[in-house]
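The values are calculated or read from the model by the stated rules, or taken from the named source; none is laboratory data. Keep in mind that this is a model prediction, so the values were computed, not measured. No Cβ is skipped: glycine too gets one built from the backbone with ideal geometry, and neighbour counts run over all protein chains shown. Ligands, DNA and RNA are stripped out before the accessible areas are found, and what is left, the full protein with its side chains, is counted by its heavy atoms. Shrake-Rupley method; radii C 1.70, N 1.55, O 1.52, S 1.80 Å.
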Amino acid sequence: MDAIEALKTRRSCRSYKPQPIKDEELQTIIDCGLNAPNGMNTQLAKIIVVQDIDKIKKLSAMNAKIMGKENVDPFYGAPVCCMIVVPEDPGYGNGAESFKLNPVKDGSLIIGAMQTAAWALGIGSCWINRCKEMLELPEGKEIMQQLGLENYVGVGCCILGYPDNNPSQKKIKEGRIIKY
Ligand SMILES: Cc1cc2nc3c(=O)[nH]c(=O)nc-3n(C[C@H](O)[C@H](O)[C@H](O)COP(=O)(O)O)c2cc1C
């Protein structure tokens, strides 16, 4: 699938086969994320890759806790969860708000690139929210401490896996192109 087709047809996947994705496919998806544009090419964002199913279940329960729900799986049974994290304080900039926002923008572009790359390989993905809040829970702080990432904050979770069904389609809303 070429880049244009992948960008135009990618859809969020919310139902996954349980089997893990192949190492080389996962590596390609991660490489595409790492190659995303980023402010001033600081490359400060990191990708925490989780493939251990017990750890994914624990993260999913933390995510559900933030939603105030029990017995739901916000990760839809995906066998891979990547958490994209960025430094709380990037340590650069001249005080302008736009500089301070760069890390979150950088992390978002990583997730977008990973999702499109995954789709091009026939792999489903979905951005799952509440990553920041999850990692701020006591159990989230413990994970970040174990990883030596105490000063990082979550941007988003990117779940990945082989789709169990065709993701639902969406209609692009009218009126979103404004010519000036
Ligand atoms: C910032 C952001 C947060 C999102 N959070 C969630 C989420 O928590 N759970 C979920 O199922 N989908 C989530 N999504 C996926 C969106 O619902 C999805 O991208 C949107 O409905 C458009 O559909 P498409 O991705 O299939 O084009 C999120 C997407 C973005 C960009």
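Computed quantities for the displayed model
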item	result
Subset of the range 91-109 [away from the ligand (no atom under 12 Å from the Cβ), under 19 Å from Gly156 (Cα atoms) and of a type outside the set (D, E, K, R)]	Leu101, Asn102, Pro103
Residue within the range 17-27 that is within 16 Å of the ligand (Cβ to nearest atom) and farther than 15 Å from Gly122 by Cβ present	no
Entirely in the range 101-156, the helices (runs of 4 or more DSSP H) that have 3 or more residues that are under 17 Å from Ile21 (Cα atoms)	102-120
Hey, Ala117 within 22 Å of Leu44 (Cβ to Cβ), away from the ligand (no atom under 14 Å from the Cβ) and not aromatic (Phe, Trp, Tyr) or not	yes
Residue within the range 19-28 that is open to solvent by 90 Å² or more (accessible area, probe 1.4 Å), among the basic types (Lys, Arg), at pLDDT 95 or above and not in a helix (DSSP H, G or I) present	yes
Residue in the range 162-170 that is farther than 19 Å from Lys22 by Cα, within 12 Å of the ligand (Cβ to nearest atom), at pLDDT 95 or above and not basic (Lys, Arg) present	no
Tabulated pairs, the range 128-153, first within 17 Å of Cys82 (Cα to Cα), second basic (Lys, Arg) and within 16 Å of the ligand (Cβ to nearest atom), C-beta under 7 angstrom, 6+ apart or interchain	Val153/Lys132
